[in-house]
Amino acid sequence: MTRKNIKAYLIAALFLVSLGGLIIHYRAHHPSEASFGYVPLVAGLISVVVIPTMFMFRPTLHLAHLLNGFTAIIGIITMAHFSFVHAPLYAHLAIVTAKFYIGRAIFELAIYSNLDTKPSALGWRTLRYPNMGFWYVHLVVMSAVYALGHFVWK
């Protein structure tokens with residue numbers, strides 16, 4: 001199996017996971033019922049149509065990785081809040097986390113020629129893009145900002 005085939009399979013998996021998330025959100029937050037239903041609809045359409053297409057081309061690979069990561073982080077934060085307040089959505093959180101990791105796998109497969117000799121990031125470099133520390137910091141900081149906003153503007 002070639003790297004090109006693996007990348008195609010991962011892009012198809014990202015498309016299907018995103019499509020499943022869009023269908024779930026469309027049924028749970030129908031846009032005609034409430035105006036906030038348009039946010040998951042638009043994010044879902046971007047995740048299904050735009051991001052997999054951008055992952056196909058090398059010039060848009062970094063932007064696709066950023067869009068995929070930030071839509072996943074925002075989805076994780078908002079669904080975790082909904083899980084704490086209303087009903088548990090643990091399966092949905094697993095789906096959006098899988099979406100992030102599939103996008104990460106596509107990115108690393110395309111960027112690094114030999115995954116065994118991927119350069120290690122030590123010290124503060126672990127917090128810089130494209131390392132995973134970048135995503136962990138953004139998850140923590142965006143969660144804190146979301147929580148602060150929730151408690152201040154309650």
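Values quoted throughout were computed directly from the atomic coordinates according to the rules given, and no laboratory measurement underlies them. Because the structure is predicted, anything quoted here is derived from the model rather than measured. Counting neighbours? That spans all protein chains shown, and the Cβs are built from the backbone with ideal geometry, glycine included.
Across the stretch 1-24, which residue is nearest to the chain's Cα centre (by Cα) among those that are surrounded by fewer than 16 Cβ atoms within 10 Å (Cβ to Cβ) and among the hydroxyl-bearing types (Ser, Thr, Tyr)?
Ranking the qualifying residues of the stretch 1-24, first place goes to Tyr9.
Kindly indicate which of Ala72, Ala91 is crowded, with 16+ Cβ neighbours inside 10 Å and within 27 Å of Phe151 (Cα to Cα). Even if it seems obvious, please write down each step before you answer.
Details: Ala91 fails: crowded, with 16+ Cβ neighbours inside 10 Å.
One residue alone meets the criteria, Ala72.
Residue-by-condition table, conditions (1) within 16 Å of the chain's Cα centre (by Cα); (2) of a type in the set (Phe, Trp, Tyr):
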| residue | (1), (2) |
| --- | --- |
| Gly75 | yes, no |
| Ser83 | no, no |
| Leu89 | no, no |
| Gly103 | yes, no |
| Ile106 | yes, no |
| Arg125 | no, no |
| Trp135 | yes, yes |
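Do we find that Thr78 is farther than 19 Å from Trp135 by Cβ, β-branched (Val, Ile, Thr) and surrounded by fewer than 20 Cβ atoms within 10 Å (Cβ to Cβ) in this structure? Show your work before the answer.
Working: farther than 19 Å from Trp135 by Cβ: no; β-branched (Val, Ile, Thr): yes; surrounded by fewer than 20 Cβ atoms within 10 Å (Cβ to Cβ): yes.
No: the conditions fail for Thr78.
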